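Undergrad: Submitted below is the structure of interest, expressed as C-alpha cells.
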Amino acid sequence: QLLPGIIVRVKKTIPSVILDVMGNGPLFEKLQKDIKKLDIKEHINLLGHLSFDEFSKRLADYAVGIAPYEYSETNLTPLSDSLKMRLYLAAGLPVVITRGFAFSDEIEENRLGFAVKNDVDSFAKAIIILLKDQKLNREIRKRAFAYSKELDLTGFYDRAFNVVLRTL
C-alpha cells in the first residue's frame, strides 16, 4: 500500500523513476485505484503474475529491490524469512526493506541496502540515495552477490562435504 506514495515522493527528485510491480495479491485492486487517483500510471507498471522464469530473467535489470512489510501478530512474517529479499540479493540488487524483522537486520549488518521505518518518506529517501549514488549502488550490488553466494545451498553443501571428506 505504500508503493504509490513512495513513487510520488521519489519522482519529485527523480522525475523519470519507474516502478515495476510483479504479482497480483489481495491488494492489487486497491493498488490500481491508488495509481489512477494519484495520476502516476506512467511511473508504475503492474506486471501481474509472472512465472519464476520470467521473474528471474527481469530481476537483475533493476536498480533497487523494495520490500515493505507490515508487522502483524496475526501472521508469520515476524518469525519467517523474506524470500523476496533473498531473490533481490541473488540478483545483486540493493534492498530497501522494513526495519524490525530478523531478516531486515541482515540488510543493515551486511550493508546490503537500507532497513527503514515502514513509511513513505523513509522508503523514498533510501531509494533516492540508491538511484542517485551510482558508486554506492555498485558497491552494494557486489556485496549482495557475494552475500547471496555464501547462502547458496549448493555452495553450502559443497563446503560442508569438503570439511567432512578432509576428516576421513
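Undergrad: A67's amide H: which non-local residues (gap 5+, or another chain) put their own amide H closer than 5 Å, with H modeled 1.01 Å from N in plane and none for Pro or chain starts?
TA: HN-HN under 5 Å from A67: V96, I97, T98.
Undergrad: Sequence neighbours fewer than 8 away in the same chain don't count; with that in mind, list the lysines whose C-alpha is under 27 Å from K142.
TA: The qualifying lysines are K11, K57, K84, K117, K125, K132.
Undergrad: Now a separate question. So how far, in whole Å, is the C-alpha centre of region 1-35 from the one of region 85-120?
TA: Using only Cα atoms, the two centres lie 19 Å from each other.
Undergrad: Accessible area per residue of region 1-137 at 1.4 Å probe, in Å²?
TA: 57
Undergrad: Starting from the amide H of L19, placed 1.01 Å from N in the peptide plane, find each other amide H under 5 Å away whose residue is 5 or more places distant or on another chain.
TA: Sorted by chain and number, the residues that satisfy this are I44, N45.
The values are calculated or read from the model by the stated rules, or taken from the named source; none is laboratory data. From a predicted model like this one, the values you see are computed outputs, not experimental measurements. Remember, those area values only see protein heavy atoms, side chains included, never the ligands or the DNA or RNA. Shrake-Rupley method; radii C 1.70, N 1.55, O 1.52, S 1.80 Å.
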